[in-house]
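A short write-up of the structure that comes next.
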Amino acid sequence: MRKAFTLVELLIVITTLPFVAIVLDRLLLALLIDIPRSSQLVQENTTLLNMLQQMQQDIDRAKQLPSSFAGQTASDKLFLIELPDGTVCYQLENGCVLRWQLTDTQRLDGQHATVWSLPNTVIQWQLWRKNDKGYAVEIETYIKHKLRKKWQKKMPGSYLYFTGVF
């Protein structure tokens, strides 16, 4: 009947324990930090693609891309699309993209507003004009991702949508 460990057994455990800890540390780091972070990136990219799909549908139906409407002026934070049934405004505001239905004097609230939360996404759009009429919009996007105290660009994309009106 043996009731204790031998000195050799203890030395083997003590020398192998740091190697096992290093392997488990990398595994735990992946499980606790990397997988949730990657999941968040995929979710934000999916939300961005949904917003871009809605914008593409609006631009495909567009009569024109006006530079101003109902007191709203197109800029790097505001984009206007005139549709057959009204005018739509896309606005970048506090990590969100808002889509508003505009009337001649104001924007409509309630069911006409759509909000996409994109807190870590950078969106830049530029209106292409010919003879002072907008005919296309170029959109560049990427997700800001902090890894080891450095900001990185993840999932960059560049999109170009034409209205069909030249």
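Excluding same-chain neighbours fewer than eight residues apart, the aspartates and glutamates reachable from K63 by a Cα-Cα span under 17 Å are E82, D85, D104, D132.
The residues V23, V122, V88, when put in order of fewest to most other Cβ atoms within 10 Å, stand as V23, V122, V88. With a simple spin-label model that places each label point 7 Å from the Cα along the Cα-to-Cβ direction, the separation between L32 and Q57 comes to 4.3 nm. In a fully extended conformation the segment linking Y159 and V8 would gain 47.8 nm over its present Cα-Cα distance, using 0.36 nm per residue. Between the Cα long axis of helix 35-60 and the first principal axis of the chain there is an angle of about 10°, rounded to the nearest 10. Each of D25, D132 has some number of other Cβ atoms within 10 Å of its Cβ, and from fewest to most they run D132, D25. Assuming charge only on the beta carbon of Lys and Arg (+1) and of Asp and Glu (-1), the dipole of the stretch 14-69 about its Cα centre is about 80 debye to the nearest 20. Work out the charge dipole of the chain with +1 on the Cβ of Lys and Arg and -1 on the Cβ of Asp and Glu about the Cα centre, then indicate which of S117, T16, F79 is farthest towards its positive end. Towards the positive end, the residue furthest out is T16.
A straight Cα-to-Cα reach below 27 Å connects K3 with none of the lysines, residues fewer than 8 places away in its own chain not being considered. Seen against the Cα atoms of the chain and their longest principal axis, helix 7-29 is set at about 0 degrees. Fewest neighbouring Cβ atoms within 10 Å first, the residues Y135, Y159 line up as Y159, Y135.
In straight-distance terms, cross-link reach from K150 covers every one of the aspartates and glutamates whose alpha-carbon lies under 16 Å from its own, apart from those fewer than eight places away in the same chain; here that gives D34.
Every number in this text was worked out from the coordinates using simple rules, so none of it is lab data. Bear in mind the structure is a predicted one, so any value in this text is a computation, not a measurement. As a convention, Cβ positions derive from the backbone with ideal geometry for all residues, glycine included, and neighbour counts pool all protein chains shown.
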